[in-house]
Amino acid sequence: MRKSVGVEGESFGEGDFERLESYRRKSFLLGSFPLESIGSETKVNTGFSVGIAEQYSQTRNIMNVLNIGSTKRVACSTTASLVVVLRRNITLTQQQVSHFNTFGFLIFRQLFSSDELKTINPEFEHALTSAYRHAPFDGTYRHWVRTMGPETPFFASLLEDLRFCEPTKQLYGEDALGMVSDVNRYVGNTRWHPDHRVDPTEDCYGVKFAYYLEPVGAENGALRLIPGSHKKTLHDDLRKNLDKFGLEICDVPAYVCESEPGDVVAFDMRCWHASWGGAIDRRMCTVCYYKNPSGPEEEAGTRRRAINSAKGPDNSGLPFSIHRDIMSHWVANHEGSEKRQRWIDRERELGFFDYLEA
Ligand SMILES: O=C(O)CCC(=O)C(=O)O
């Protein structure tokens, strides 16, 4: 029996997996939801998303989807699993844009599905274990590696994932630049700091999407942000005065971004941020974009960043050859992604790959 799932008036049946996948690439996310009971109804939270092509071929039964909405009921008949195509609203509302502009951050709950976390966790382990084979993690210093190489395909796809690059376009312009997807094992507290300077002649700026793989709260390593500190007056005031208060990290007035696995915190990298009480081996990942500089001053600021960011890998205790191989793979763009090529061309022009290509 041919079953179908409706997507904006279209219907799909068994064997239509390629077409389903092309929808996912454009703007749809697919959810695969195991059903415990047969012939009943189940609730699907559309905040969850999965997009793994191989699953389609394994999941031979596609059901009707009823009532597209935020939480929906789907009818299911005689099968133990179900594929649903959901259109996730990846566009920020005006209110979210204003929140980000004013406070410097936004939190997206359950942007990753539990199925995606099942891919993220082993890729995370593999990326760091193989990169630091020469010095296995012993809790004395942070391990950090970029995940844009062939061995971590899920992480490597994230810069081009619409969940990240579409909001970035809204916040930093259509031509914003995809920079980094990385994974980290943090050790204990992180002191207060901004990632970028606020003066555009000295540095560029952009957004970091950060997600933790364990639940984190106020007492165990959640990201703390000082709202509005991406703006010059507060940013500079903190640079000048924060240390003078002699406050513990946790006593500085701040917003604590409690999070569960699957949640993502997006913040302007000029914001002052820190963490408190975190465990040794706090697993955290990021996806980062920069604003494409416009005008000679911003370009000069971005070129300075390019020179400084070449030092990053040296400070991570990672053999340079490992970093170079990962980045060279990304820059080679074997997949022929147009979007990525545009980023690469502009980043090369700005000097971000000088150290790789020297
Ligand atoms: O999670 C932490 O300890 C801090 C994260 C951080 O400083 C960063 O991502 O820049």
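Given +1 on the Cβ of Lys and Arg, -1 on the Cβ of Asp and Glu, and no further charges, what dipole in debye does region 191-319 carry about its Cα centre, rounded to the nearest 20?
For this selection, approximately 360 debye.
Check each of the GluC sites (Glu not before Pro) in region 201-307 and keep only those in coil by DSSP with at most 16 other C-beta atoms within 10 angstrom; list them in order.
On the way: sites: Glu202, Glu219, Glu248, Glu258, Glu297, Glu298, Glu299; in loops: Glu202, Glu219, Glu248, Glu258.
Within region 201-307, the qualifying GluC sites (Glu not before Pro) (loop, at most 16 other Cβ atoms within 10 Å) are Glu202, Glu219, Glu248, Glu258.
Would you grab the residues whose amide H sits under 5 Å from the one on Thr147? Only those 5+ places off in sequence or on another chain, please, with H modelled 1.01 Å from N.
It is Ser181, Asp182, Val183, by chain and number.
Using the basic label-point model (7 angstrom from Cα toward the beta carbon), what is the Asp354 to Ala279 distance in nanometres?
For the pair Asp354/Ala279, the computed spacing is 4.2 nm.
In whole Hz, what ³J(HN,Hα) sequence does region 272-288 give by Karplus (6.51, -1.76, 1.60; θ = phi - 60°), x for Gly and Pro?
6, 8, 6, 8, 9, x, x, 6, 6, 6, 7, 8, 9, 10, 9, 10, 10
Rank these for me by crowding, Cys285, Cys165, Cys204, going from fewest to most other beta carbons within 10 Å.
Listed from fewest to most nearby Cβ atoms, that is Cys165, Cys285, Cys204.
Treat every Asp and Glu Cβ in region 94-357 as -1 and every Lys and Arg Cβ as +1, leave all other atoms uncharged, and give the resulting dipole magnitude about the Cα centre to the nearest 20 debye. Kindly include the intermediate steps, with their values, before the conclusion.
On the way: 31 positive and 40 negative charges, 91 e Å.
Roughly 440 debye for region 94-357.
What is the magnitude of the charge dipole of region 99-149 about its Cα centre, with +1 placed on the Cβ of each Lys and Arg, -1 on the Cβ of each Asp and Glu, and no other charges, expressed in debye to the nearest 20?
Dipole of region 99-149, to the nearest 20 debye: 140 debye.
Compute the Rg/Rh shape ratio of region 94-357: radius of gyration over Kirkwood radius, all on alpha-carbon atoms.
Across region 94-357, the Cα-based Rg/Rh ratio is 0.94.
With r defined as the distance between the Cβ atoms of Thr201 and Asp345 and R0 fixed at 30 Å, what FRET efficiency is calculated, to the nearest 0.05?
0.80
Going by how many other Cβ atoms sit within 10 Å of their own, how do Met269, Met284 line up, fewest first?
Ascending number of Cβ neighbours within 10 Å: Met269, Met284.
Neighbouring Cβ atoms within 10 Å as the yardstick, rank Phe137, Phe103 fewest first. List each step's numbers first, then the result.
Numbers: Phe137 15, Phe103 19.
Least to most surrounded, the residues fall as Phe137, Phe103.
Bear in mind these aren't lab numbers, they're just calculated from the coordinates by the rules spelled out. Keep in mind it's a predicted model, so treat the numbers as computed, not measured. So basically every Cβ, Gly included, is an ideal-geometry build from the backbone, and we count neighbours across all protein chains shown.
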